[in-house]
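The values are calculated or read from the model by the stated rules, or taken from the named source; none is laboratory data. Owing to the predicted nature of the structure, the values given are computational and were not obtained by experimental measurement. Cβ atoms come from the backbone with ideal geometry, glycine included; neighbour counts cover every protein chain shown. Note: areas computed on protein heavy atoms with side chains; ligands, DNA, RNA excluded. Shrake-Rupley method; radii C 1.70, N 1.55, O 1.52, S 1.80 Å.
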Amino acid sequence: METFLQDLRYAARQLWKHPVFTVTAIVTLALGIGANTAIFTVVQSILLAPLPYADADRIVALDTRWMDTGRIHSRVTGPDAADVRTQAHSLEAVSMYEGGNEDVQLRDHAVFTVVAVVDSNFARVFNLVPSAGRLFTDGEAHRAALVSGRFARDNFGSAEAALGQTLHIENEPLQITGVLPAGFDFPAKTQVWEAYPLQPESMERTAFNYKAVGKLRAGVSVDAARAELGAISQRLRAAYPDANKNKQMTVVPLQEELTGKARPMLMLLFAAVVMILLIACVNVTHLQLARSIERQRELAVRTALGSSRWHLGRLVIAESLLISLGGGVLGISLAGPAVRLLVAMAPEGLPRATEIHLNGWVLGFTLGLSLLTTIASSLIPARKAAKVDPAEALKQDSSRGLAGPGTSALRNGLVVAEVAATFVLAVGAGLLLRTLITLTTRDMGYQTAHLLVVDAGAPAHTTDDAQRVVRQYDGLFARLAALPGVERVGGIMGLPTGEYGSNGYYNVRGGLPVNPDQPPHADFSVASPGYFSTMGIPLKMGRDFGAQDTYDGQFVAVISESLARQSFGDANPIGKMIQCGLDSDKWMTVVGVVGDVRQDSPAAKPGPTLYMPMTQHPFRGTEIHIVLRTKVAPLSLMNGVQTEITQANPQVATKFTTMDAMVGESIAAERFRSVLISSFAGVGLLLAMLGVYGTMAYSVAQRTFEIGVRMAFGAEKKAILRMILVHAAKLACWGIALGLVLSFVLTRLITSMLVGVGAIDPLSLLVATVLLLTTAAVAALAPAWRAAQVDPMVALRAE
């Protein structure tokens, strides 16, 4: 240990004497370690850290799998889940739930918040203990609710004050029986949990209306539970051959269920930062190799005086250890702000985002990473130092380029490796950026600019209540249209990229033949008159909804072009009859055809959509999006719109946004990974530039005597300049060729993340090639210029 400490003290003195080398090496490693620490913090918090629930490793989600196609649905039917609850001995408890944004009416105001309907088994699965009050019982279904600590404080002042208070959801009065701890918000940021009965209200085995969670009995494995559910599913297929054909229930650990969709993106980011760290290690290795050549005389003298090979190698390792630890400390300081930036940039759907923070695991990872970089960056320099031949080293003169051909070959090889790694990052960034550009410039089928969007939810319990709400909306739309700065107003349940909507199968009369095994499917929306013109959706044929489309009259529908082609081919669909199971089995007359829209996001294909008037489907018209086409900045109208809504019905809960923001949020994940991978590629380019610069600068220093001789024999400055630049270009070309091979293999791994571009994209490859060649040229320019300015007499006199 004493010898080791002596080596460290000596290494520290040497690093202090060479500040440029020390700072460059530490900053280079800090970039790699900081980026890795930040991304590992996200990966550890989301994918590796256990869920913050009691017995989290025993909580599973119930999924439905189709045996013929392999498709997995994260939902279950009510009767299937009820059968699992009663028949599965491997599960201690099973709970069905459903959730989403709802309007909640309180005594003097209304709010939008996330509400989940859960049965009394929900508390058993999560082992819930209220911080105030009590849990509800099965007998209190539709009459009781639990709220979060935050909801209680925001709306009642404290948890104790919330107990016994009444809130209304969809016009149902619910008494608050308990307040759950502030840290619990499952599912998906829920603030209110409404009591539902254990016996599911929907007993249709083809209606996937629920999500479900279960708790494994102590000592039971996930595989054992899957085997038991497989046997139960087999019995259900025999008992219900039509509804349960090819259907199998299965269980998935809840953590895997919640984070599965985020895993590919996080693994992509982690792979990218690992590549950055490798490039950084290559750069530091290169710096240490260059430094070891300068130290050859020192090492030769030490060897002549009796130092062992192990001692010589240890000196290099000690320097590398101090550099790596310095890089680790600086990397940690960079990782903190980087993590906060990542959380701010993260898409809203990123699971467990609130749990992302630096912790002991991350600090341990950083320490391990620092030690790993010590080994990676010092292995080759230490080995070369240990093999120094004192006789040869004392004869060599670094100023005359006699350091040995093996050294320059190794340095060149390292530069080729980091250019190749940077090329792969640049190609990946190019593909993701092209995907993002494609998504942001795609035609959505409607005009997104100058659209204010208001989430509006009004309570309604009976058909009369719902019809009254729809009439209020009709009057509200007229008053909103009269506001200064507003051009047109409409309302819809099923706004593109919105939270509300429905879909399902439908029937037609007089249409194309239908395959009974694959009935036609469409999105279902309920809209007001004027919605299509407000959104800029073109009316291709027929008419819009109007005042004549009353609840007691003939039901009507407007269909999209895709639906018209799917069910009627080239025939005129106007006047044809269509039926769906949204909320009525009445046949509807097709009165219009409108253009297709991309419903979920710019990545979605335009598909068939069936529109129905709000007046004829009032229950679906109480919780809607109000859209306003404006002449001014949309959000500048918020106060005026809110005033009109409050005057019309103070019990309407509202939330404001814009259509541009909603479309942008729908591609937030694509933007997140594109920006990050592009940033990593930029860091890679910077490090590659440092590597090429270091190689060229050292090469010029080594070849000063040779350059002087060339110029003494008549070589022009242009020829010297060209010689150095050609050398850099050759290294870059070899790196690009290697990177091209690697990119053909690695970019296929992100095919599922690409839209409108293939994994092998000529434009991305061309841009990456130009970037790397430009980077090499810029990095080599200064050393090449210095080489061209060498005075041959000075160079020769120095010898």
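Of everything in the range 487-507, what is surrounded by fewer than 21 Cβ atoms within 10 Å (Cβ to Cβ) and not basic (Lys, Arg)? Give them in sequence order.
Glu487, Glu499, Tyr500, Gly501, Ser502, Asn503, Gly504, Tyr505, Asn507
Could you figure out which of (1) touching a residue at least 60 places away in the same chain (Cβ under 8 Å); (2) open to solvent by 60 Å² or more (accessible area, probe 1.4 Å); (3) polar (S, T, N, Q); (4) under 30 Å from Arg134 (Cβ atoms) isn't true of Thr206?
(4) is the only condition that Thr206 fails.
Would you tally the residues in the range 434-471 being in contact (Cβ under 8 Å) with a residue 60 or more places away in the chain, open to solvent by 60 Å² or more (accessible area, probe 1.4 Å) and assigned to a helix (DSSP H, G or I)?
Count: 2.
Of everything in the range 704-730, what is closer than 23 Å to Thr775 by Cα and open to solvent by 10 Å² or more (accessible area, probe 1.4 Å)? Give them in sequence order.
Lys717, Lys718, Ala719, Leu721, Arg722, Met723, Leu725, Val726, His727, Ala729, Lys730
What are the residues in the range 71-89 that are open to solvent by less than 10 Å² (accessible area, probe 1.4 Å) and not in a helix (DSSP H, G or I), if any?
Residues satisfying the conditions are Val76, Thr77, Ala88.
How many of the residues in the range 339-357 are surrounded by fewer than 18 Cβ atoms within 10 Å (Cβ to Cβ), more than 23 Å from Thr190 (Cα to Cα) and not charged (D, E, K, R)?
1
Taking Leu635 as the residue in question, decide whether it is touching a residue at least 60 places away in the same chain (Cβ under 8 Å), closer than 30 Å to Trp785 by Cα and open to solvent by 20 Å² or more (accessible area, probe 1.4 Å).
Answer is no for this residue.
Yes or no: Thr658 open to solvent by 20 Å² or more (accessible area, probe 1.4 Å) and in contact (Cβ under 8 Å) with a residue 60 or more places away in the chain?
yes
Answer yes or no: is there a residue in the range 139-149 that is in contact (Cβ under 8 Å) with a residue 40 or more places away in the chain, open to solvent by 30 Å² or more (accessible area, probe 1.4 Å) and more than 18 Å from Ala460 (Cα to Cα).
Looking for residues that are in contact (Cβ under 8 Å) with a residue 40 or more places away in the chain, open to solvent by 30 Å² or more (accessible area, probe 1.4 Å) and more than 18 Å from Ala460 (Cα to Cα), one finds none in the range 139-149, hence no.
Restricting the search to the range 515-568, which residues are without any contact (Cβ under 8 Å) to a residue 40 or more places away in the chain and open to solvent by 70 Å² or more (accessible area, probe 1.4 Å)?
Asn515, Pro516, Asp517, Gln518, Ala547, Gln548, Asp552, Gln554, Arg565
Tally up the residues in the range 739-773 that are within 22 Å of Arg671 (Cα to Cα), surrounded by 13 or more Cβ atoms within 10 Å (Cβ to Cβ) and polar (S, T, N, Q), please.
Within the range 739-773, residues that are within 22 Å of Arg671 (Cα to Cα), surrounded by 13 or more Cβ atoms within 10 Å (Cβ to Cβ) and polar (S, T, N, Q) number 3.
So if I check each of Ala61, Ala54, which one is closer than 30 Å to Leu180 by Cα and either assigned to a strand (DSSP E or B) or among the aromatic types (Phe, Trp, Tyr) (or both)?
Result of the check over Ala61, Ala54: Ala61.
Restricting to the range 302-318, and then to whatever is in a helix (DSSP H, G or I) and either touching a Phe, Trp or Tyr at 6+ places or on another chain (Cβ under 9 Å) or surrounded by fewer than 18 Cβ atoms within 10 Å (Cβ to Cβ) (or both), can you tell me which residue is modelled with the highest pLDDT?
Ala318
Consider Thr422 carefully, then state whether it is under 23 Å from the mean Cα position of the chain (by Cα), crowded, with 20+ Cβ neighbours inside 10 Å and assigned to a helix (DSSP H, G or I).
When the stated conditions are applied, Thr422 passes them.
Taking the condition of being farther than 19 Å from Phe156 by Cα and in a strand (DSSP E or B), how many residues in the range 90-111 meet it?
The total comes to 11.
Could you please let me know if Asp154 is of a type in the set (Asp, Glu), more than 24 Å from Arg75 (Cβ to Cβ) and within 32 Å of the chain's Cα centre (by Cα)?
The answer is yes for Asp154.
So which pairs qualify, if the first residue must be in the range 8-21 and in a helix (DSSP H, G or I), the second must be among the aromatic types (Phe, Trp, Tyr), the Cβ gap must be under 9 Å, and the two must be at least 6 apart or on different chains?
Leu15/Phe21
From the list Leu363, Leu350, Leu369, pick out the single residue that is under 30 Å from Val663 (Cβ atoms) and in contact (Cβ under 8 Å) with a residue 12 or more places away in the chain.
Leu350
Could you tell me which numbered condition Ala218 fails, if it satisfies all but one of (1) modelled with pLDDT of 90 or more; (2) within 29 Å of Thr166 (Cβ to Cβ)?
Status for Ala218: all satisfied but (2).
Find the residue count for the range 233-270, including only residues that are open to solvent by 30 Å² or more (accessible area, probe 1.4 Å), assigned to a helix (DSSP H, G or I) and over 21 Å from Leu432 (Cβ atoms).
Result for the range 233-270: 9.
Of all residues being of a type in the set (Val, Ile, Thr) and more than 16 Å from Leu15 (Cα to Cα) in the range 319-338, which is surrounded by the fewest Cβ atoms within 10 Å (Cβ to Cβ)? Just the residue, please.
Of everything passing the filter in the range 319-338, Val329 is surrounded by the fewest Cβ atoms within 10 Å (Cβ to Cβ).
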